[in-house]
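This report concerns only the one structure given below.
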Amino acid sequence: MANTAHLVRRQSSRDLNPQRSVDRLELKEMRGRLVVENGNTTSYGTANAAFEDTSPNAKVKSACSSKRGSQDGKAIFRPECGEEERESWDSKLTFLLATVGYAVGLGNVWRFPYLAQKNGGGAFLIPYFVMLAVEGIPIFYLELAIGQRLRKGAIGVWNQVSPFLSGIGISSAVVSFNVALYYNTIIAWCLFYFVQSFQSQLPWAECPKVYFPNGSYSLEPECVVSSPTQYFWYRTTLMISEDINTPEAFNWKIALALVVAWILVYMCMIKGIASSGKVVYVTATFPYIVLIIFFFRGITLKGAFDGLRHLFTPSWHTILDPVVWLEAGTQIFFSLGLAFGGLIAFSSYNPVNNNCYRDALMVSMTNCFTSMFAGIVVFSIIGFKATMVYDKCLSVRNITISGLLGNGFDETRLPPEGTVLRVLNADGSNTSVVMPLLPECDLQKELDNSASGTGLAFIIFTEAINQFPGAQFWSVLFFLMLFTLGIDSQFGTLEGVVTSIVDLKVFPNLPKEILTGGICLTCCTISMAFAHGSGSYIFVLFDNYSGNFPLLIIALFECIGVAYVYGLKRFADDIEMMTGQRPGLYWLICWKYLSPLAMISILVASFVEIAVDGSGYAAWVPSKGDTVKHEWPTWSVVLILVLVFSSIAWIPGAAIARLFGVVIIDDNEKAWFPADDLKDFHGIMPHEVSKAETLLFCIRADGTEEQLERQPPLRVQADTEIPIVTLLAGNHQVKEFDSEVNDSFQQLWASRWLLRVAVAAEVVEAAEGPDKEEIFDIRDQINVKYYISCKKGQQEQVKEEQKEEQPADNKLTILSILAAAAGVTILLAYCCLGGEGNGNGNAGGGGGGGASSGNAAADSGSAGGGADGGDSGSAGGNAAAPEN
């Protein structure tokens, strides 16, 4: 995905160029659209035929028409006018590999196998594929289609759908930033293990020795009560503290690995397509090569089929458990990397006639079958590990019993522990011995002892690799695979941040290379919070809360924006223009009803789960060699709220700001889109609304969707002010007949939340007098239309007022962002400094937090995602969460 860095960064220079003059915008928007003076039009609102979105140049058929070339017998779409200068993918394969690399992440390898084994084995596949069909593919399809149609990044797309929805894009950027902060920590851990794998003996193969002054030694007690892999993970790698309130020494090893990880990310992001276009062929395909190698190695190991049988044996009763459906839906959502904005940006560089429907199916199914294939690989090796442990246990047990009772003992008639036995010695004498505690050997229990997230990657899997001949080679291969899986998703996640900052024009004159370097440096500095004794606990906090709830809410509003604001019929028309095939009723039902319902259900179930079970983190107890659940202290709860609300607050905040005339994101002209050329190319005829569409989606026979009822015209006299609220409530047609410039009209025009979205002008012959009137078709993107006519000359006067207001809006935007950042910084500092006295990490805190019982931001997918992303588990390796 590295080759997409230049694309996504360059996008903003065309998404948010300085606005062209209002005259040009009006003339382009009015081409082919005439509003008669009496206002009698057949449809109204953003989702209606009157708002048929034909971008500039689309209506001038004589100046821009399509040609049908041919290649291998297939027609090729070539519009004569050509697209404006714009980056595009080198090839379709490059786009597919970049998208697969973005969607397929760590969660496919270390989250799905654990969830399948935990939630009914083969039976888990039923809710998994149901949620894929209801939630995963429809939203994936929606993001690819809306990005390809509007040809902008996330901020530009949702701002064009409606200025009131511009907060969706900003929220995606904030989530991407939060996820990128901690996601690179996983990459740093992988780098640390990768370097350690080159030693002659793996450092986690056996317990370290503690030497005494006399030269004797003993094994590290903490390692003895746990295991060599656990000791190396918690004590050597993490240098973990006893709880989140007591950070210990700074972990310079992980800090150095973090610096290297961020340098690698920056180097890959700063390179454009010309120099790094082939990187995606390595980062997207290498994990599959390693998985195939591990597959053939795994299925040849002893006990592999025991592991696979344990993974896929169905427990049908689990289908009735709502938690299973919750975890299936959460895994699907985060493993595909939905709502991070990366998919929208990627698809915006596709050709306008690209088949986004086929791409959505292909990438989604590839992602899911990758999860299943990774499950086979992981559990074949876990089966081998469990069999080795089981055989070793049986060997120790048999040696102990045979030493006491001889070789002819009956396993079913063993005396209980503590029984005094009289053993006959070889010389005929008797010796009294006490029956010792025998180890309990249970293969099923060993198979159940799996984990997800970091627990699987750095404890369970490394323990299995220890048993391989040539363990160093397999360790290098495994952690290099994890590195490439993570770095792919990290590129896409961080690019969403870079693009959004450029879109907001916070630093309009700063070169993108310097801006990217500054963001990476900032993230690297903040990520040092994960490089101390309590860092792994803070990582779990970010992993569980920074992405899951915000991403679900963002995706929910994406569906609402398309289905209820942009308009389902209009969206279906757009897809038909691009692909030549209209989306079926199933997809429309998902976008309007099923997908929002699924996300609302997951959100509600997650809140209920946290309320019932509580939320906490697993703290390492050295004396026990195990983890114990602790509750989050007060300052951590405040930090959780800050993470969640700092992400989602932009959605209502941007709408409220727009309502009061504050422009957070400058409206900009629509991107090039040859609508008529595509219709000619595909031979598209006007769609006849079916009875099912009318019944299900309230689409009328004339193609309009049900909107607010139109009220009779409201005639405004000169010097009469009409409150905006009155116009909104009445949905009136407003007419201005006096030659004087009316204050109410100027007020409406200047308040851009009403007028900046779509302004069309056409000179119409007046019925009386030599004067001509200009009719303005004004929409506010919430299904309310206004018609205001005024004398020529008023338009230019208002344009000058708009130009004068522009710098103030930019300043206000920057000051607002700086003030918000300062407030969050002060709040975080207060929380962190005050955390020492708040909460003592009481044991017994409930189950994992997050939308999936302790999951991560989508791997984003995320990760935020995701943002797909893997799920990093709790510090104890017992709870994990889907990351992006």
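Here, each number is a calculation from the coordinates, and none is a lab measurement. Note that the structure is a prediction, hence the values are computed from the model and not measured. Note that each Cβ is placed from the backbone with ideal geometry, even for glycine, and that neighbours are counted across all protein chains shown.
Amide H contacts for residue 532 (H built 1.01 Å from N in the peptide plane; partners 5 or more residues away or on another chain; cut-off under 5 Å): 251. For residue 210 and residue 248, FRET efficiency with R0 = 22 Å and r from the beta-carbon atoms, rounded to 0.05? Between residue 248 and residue 210 the formula returns 0.65.
Give the order of 513, 440, 143 when sorted by the count of other beta carbons within 10 angstrom, beginning with the fewest. Display every interim value, and only then the final one.
On the way: 513 14, 440 8, 143 29.
In order of increasing Cβ crowding within 10 Å: 440, 513, 143.
Projected label points at residue 427 and residue 645, each 7 Å from Cα along the beta carbon direction, are separated by 8.2 nanometres. Would you please give the residues with an amide H less than 5 Å from that of residue 421, counting only those at least 5 places away or on a separate chain, with H modeled from the backbone geometry? Residues meeting the criterion, in which the H sits 1.01 Å from N, are 433, 434, 435.
List 601, 475 from most exposed to least, where exposure is judged by having the fewest other Cβ atoms within 10 Å. Show your work: numbers first, answer last.
Working: 601 15, 475 24.
Ascending Cβ contact count within 10 Å gives the list 601, 475.
Rank by packing, highest mean first: peptides 681-689, 555-563, 202-210, with packing defined as the count of other Cβ atoms within 10 Å averaged across residues. Let's see the in-between values first.
Values: 681-689: 13.1, 555-563: 22.6, 202-210: 16.9.
Highest to lowest by the protection proxy: 555-563, 202-210, 681-689.
Report the gain in length on full extension from residue 392 to residue 225: 0.36 nm times residue separation, minus Cα-Cα distance, nm rounded to one decimal.
Residue separation times 0.36 nm, minus the Cα-Cα distance, leaves 58.4 nm.
Modelled spin labels at residue 560 and residue 612, positioned 7 Å past Cα toward Cβ, are 2.6 nm from each other.
Cross-link pairs exceeding 28 Å in C-alpha to C-alpha distance, out of 209/385; 592/679; 505/592; 445/624; 385/624, comprise 505/592.
Rounded to the nearest 0.05, the FRET efficiency derived from the C-beta distance between residue 302 and residue 361 at R0 = 51 Å is 0.85.
Based on the Cβ-Cβ distance of residue 522 and residue 634, what FRET efficiency does E = 1/(1 + (r/R0)^6) give at R0 = 30 Å, to the nearest 0.05? My answer for the efficiency is 0.65. Between residue 619 and 628, 629, 630, the built amide H atoms are under 5 Å apart, and every one of these is 5 or more places off in sequence or on another chain.
In which sequence would 702, 677 go, from the one with the fewest C-beta neighbours within 10 Å to the one with the most?
Ordered from fewest to most neighbouring Cβ atoms within 10 Å, 702, 677 come out as 702, 677.
Modelled spin labels at residue 585 and residue 399, positioned 7 Å past Cα toward Cβ, are 7.1 nm from each other. Ordering 110-117, 546-553, 444-451, 226-233 by mean Cβ neighbour count within 10 Å, with the highest value first, yields 546-553, 110-117, 226-233, 444-451.
Couplings for the range 560-577, taken from phi via the Karplus curve 6.51 cos²θ - 1.76 cosθ + 1.60 with θ = phi - 60°, read 4, x, 6, 6, 10, 10, 5, x, 5, 5, 5, 5, 5, 4, 4, 5, 5, 5 Hz in order; Gly and Pro are left as x. Judged by the ratio a/c of the largest to the smallest principal axis of the C-alpha gyration tensor, the range 183-302 counts as oblate, that ratio being 1.5 or greater while a/b is no larger than b/c.
Pulled fully out, how much extra length does the chain show between residue 281 and residue 263, if you take 0.36 nm times their separation in residues and subtract their Cα-Cα distance?
Full-extension gain reported as 4.4 nm.
Starting from 0.36 nm per residue, how many nanometres of slack lie between residue 662 and residue 684 once their C-alpha separation is accounted for? Write down the numbers at each step before the final one.
Values: separation 22, 0.36 × 22 = 7.92 nm, distance 4.08 nm.
Contour length minus Cα-Cα distance gives 3.8 nm.
Karplus-based coupling profile of the range 247-263, in residue order and whole Hz: x, 9, 4, 5, 8, 5, 5, 6, 4, 5, 5, 5, 4, 4, 4, 6, 5, with θ = phi - 60° in 6.51 cos²θ - 1.76 cosθ + 1.60 and x standing for Gly or Pro. Residue ranges 483-496, 638-651 sort as 483-496, 638-651 when ordered by packing (mean number of other C-beta atoms within 10 Å per residue, highest first). In order along the range 172-185, phi translates into HN-Hα couplings of 4, 5, 5, 4, 4, 5, 4, 5, 4, 4, 9, 5, 5, 5 Hz, rounded to whole numbers, per the Karplus curve 6.51 cos²θ - 1.76 cosθ + 1.60 with θ = phi - 60° and x for Gly and Pro.
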